[in-house]
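What follows is one structure encoded as structure tokens, with my remarks underneath.
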């Protein structure tokens, strides 16, 4: 109970500070093309870092839990050695390929701001080593039921970003946001490294029994699943750069309006639901597990639909209240409110798809979530390229409908396979 409350507090604080970060961004940049250059660089890197964090935790908390004492320490050190090279290689690849990546991430970006976007992406890529390495120590801390050092990951990053933006913006422009974000990731790494490594005894450890190939393959399902969902938003953001200046930034402001309620809905449910599903599975009580999943999905659907309707109804006054100051004008409010009309409904499909997928991961049925994660982006690409929408109200419609379709397909496939799964127990 204490751990769950700590994690919920971390999510709340992180998202509140995240709102402040977006408000500072809106105040300093508004919906100008300069804001687009930050959005198309920071959005994908932030998604990548979150994907690494969740993948490492999902993959290695069970593995670390199965080990005891010195064996667990030996596994942690081997994980750290292997994945430090992996994360460093990812950062180096992003730095070297930044111009080509940016052409894919923002094909319609104003050429005058293209160089700034490339440099911003390179600065942000340095945070990937810290985020990925920190995730391993988070996994160990989760194993030991020590949630406080890990709970405020987003809060640390957002706080450093705000401080850097307010103090360095006049000198460095959009680069101040990237520097603050990267500094926050490294600060969080320092916190979890100290908390995890301080009590460990590293002398005279036995050799780790896990081969490096097994270690690298462990997060594969989670990485593929998270990548599928991430590509859905990444494609929408990339296409938004064709719709005019400020569209990519407006989409990122809308994502904060979607991300906060989704985090508050998905995280508490996941923290309480997944251990119970895993327990029922270990006891071969699959029927009760499925009944629990159905009831949870029904409750989440009710909350998500009600929250989405409320957000759509009051989107304009809410955007004006949170963001309309400084460089964020009344025209910016109208633009973001229009984009939210298409992007806001993604809250329903996205949250339900996440809850259903995590439930199936807890049942050790990873293939269906991986398949379903590809549906939103495929549907989004097909619908967007067919309609070629340039009106802000239609930019997010493919993403929203794709996520809802992905959930419906996953839910149907899970129901069709239940009888087979219960016979296999």
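The values are calculated or read from the model by the stated rules, or taken from the named source; none is laboratory data. This one's a predicted model, so the numbers in the text were calculated from it and none came from an experiment. Reconstructed Cβ throughout: ideal geometry from the backbone, glycine too, with neighbour counts over all protein chains shown.
Would you check if there is a residue in segment 415-425 being over 20 Å from the mean Cα position of the chain (by Cα), touching a residue at least 24 places away in the same chain (Cβ under 8 Å) and more than 26 Å from residue 284 (Cα to Cα)?
Initial filter on segment 415-425 (over 20 Å from the mean Cα position of the chain (by Cα)): 415-425.
With touching a residue at least 24 places away in the same chain (Cβ under 8 Å) added as a condition, the list becomes 417-418, 421-422, 425.
Next, from what is left, pick out any that are more than 26 Å from residue 284 (Cα to Cα): none.
No, because not a single residue in segment 415-425 is over 20 Å from the mean Cα position of the chain (by Cα), touching a residue at least 24 places away in the same chain (Cβ under 8 Å) and more than 26 Å from residue 284 (Cα to Cα).
May I ask you to verify whether residue 60 is closer than 18 Å to residue 195 by Cβ and in contact with a helix residue (DSSP H, G or I) (Cβ under 8 Å, 6 or more places away or on another chain)? Full working, then the answer.
Values: closer than 18 Å to residue 195 by Cβ: yes; in contact with a helix residue (DSSP H, G or I) (Cβ under 8 Å, 6 or more places away or on another chain): yes.
So residue 60 passes the test.
Name the residue, out of 120, 143, 150, that is out of contact with any strand residue (DSSP E or B) (no Cβ under 8 Å at 6 or more places or on another chain), surrounded by 21 or more Cβ atoms within 10 Å (Cβ to Cβ) and within 23 Å of residue 58 (Cα to Cα).
Working: 120 fails: within 23 Å of residue 58 (Cα to Cα); 143 fails: surrounded by 21 or more Cβ atoms within 10 Å (Cβ to Cβ).
Of 120, 143, 150, the one residue that is out of contact with any strand residue (DSSP E or B) (no Cβ under 8 Å at 6 or more places or on another chain), surrounded by 21 or more Cβ atoms within 10 Å (Cβ to Cβ) and within 23 Å of residue 58 (Cα to Cα) is 150.
Could you identify the single residue in 315, 358, 391 that is in the same structural domain as residue 263 (by TED's automatic domain parsing), in contact (Cβ under 8 Å) with a residue 12 or more places away in the chain and more than 21 Å from residue 304 (Cβ to Cβ)? Even if it seems obvious, please write down each step before you answer.
On the way: 315 fails: more than 21 Å from residue 304 (Cβ to Cβ); 358 fails: more than 21 Å from residue 304 (Cβ to Cβ).
Result of the check over 315, 358, 391: 391.
Tell me, yes or no, whether segment 405-420 has at least one residue that is at pLDDT 90 or above and under 26 Å from residue 104 (Cβ atoms).
Yes, because at least one residue in segment 405-420 is at pLDDT 90 or above and under 26 Å from residue 104 (Cβ atoms).
Under 6 Å between Cβ atoms, which residue pairs at least 6 apart in sequence (or on different chains) link something in segment 288-304 that is not assigned by TED's automatic domain parsing to the domain that holds residue 345 with a partner that is part of a helix (DSSP H, G or I)?
none
If only one of 49, 54 is within 16 Å of the chain's Cα centre (by Cα), over 20 Å from residue 180 (Cβ atoms) and assigned by TED's automatic domain parsing to the domain that holds residue 188, which one is it?
Details: 49 fails: over 20 Å from residue 180 (Cβ atoms).
So the residue among 49, 54 that is within 16 Å of the chain's Cα centre (by Cα), over 20 Å from residue 180 (Cβ atoms) and assigned by TED's automatic domain parsing to the domain that holds residue 188 is 54.
Output the residues belonging to segment 96-111 that are over 18 Å from residue 47 (Cβ atoms), part of a helix (DSSP H, G or I) and in contact with a helix residue (DSSP H, G or I) (Cβ under 8 Å, 6 or more places away or on another chain).
99
Among the numbered conditions (1) surrounded by fewer than 19 Cβ atoms within 10 Å (Cβ to Cβ); (2) more than 30 Å from residue 303 (Cβ to Cβ), tell me where residue 264 comes up short.
Here residue 264 clears every test but (2).
Within the group 280, 231, 251, which residue is modelled with pLDDT under 85 and buried (at least 17 other Cβ atoms within 10 Å of the Cβ)?
280
Any chance you could count how many residues in segment 385-414 are in a helix (DSSP H, G or I) and within 23 Å of the chain's Cα centre (by Cα)?
15
Scan segment 26-44 and report the pairs whose first residue is assigned by TED's automatic domain parsing to the domain that holds residue 226 and under 13 Å from residue 251 (Cα atoms) and whose second residue is crowded, with 24+ Cβ neighbours inside 10 Å and modelled with pLDDT of 90 or more, with Cβ atoms within less than 9 Å and a gap of 6+ or a chain change.
Short answer, once both residue conditions are applied: none.
Restricting to segment 1-27, name every residue that is at pLDDT 85 or above and closer than 15 Å to residue 320 by Cα.
20, 22, 23, 24, 25, 26, 27, listed by residue number.
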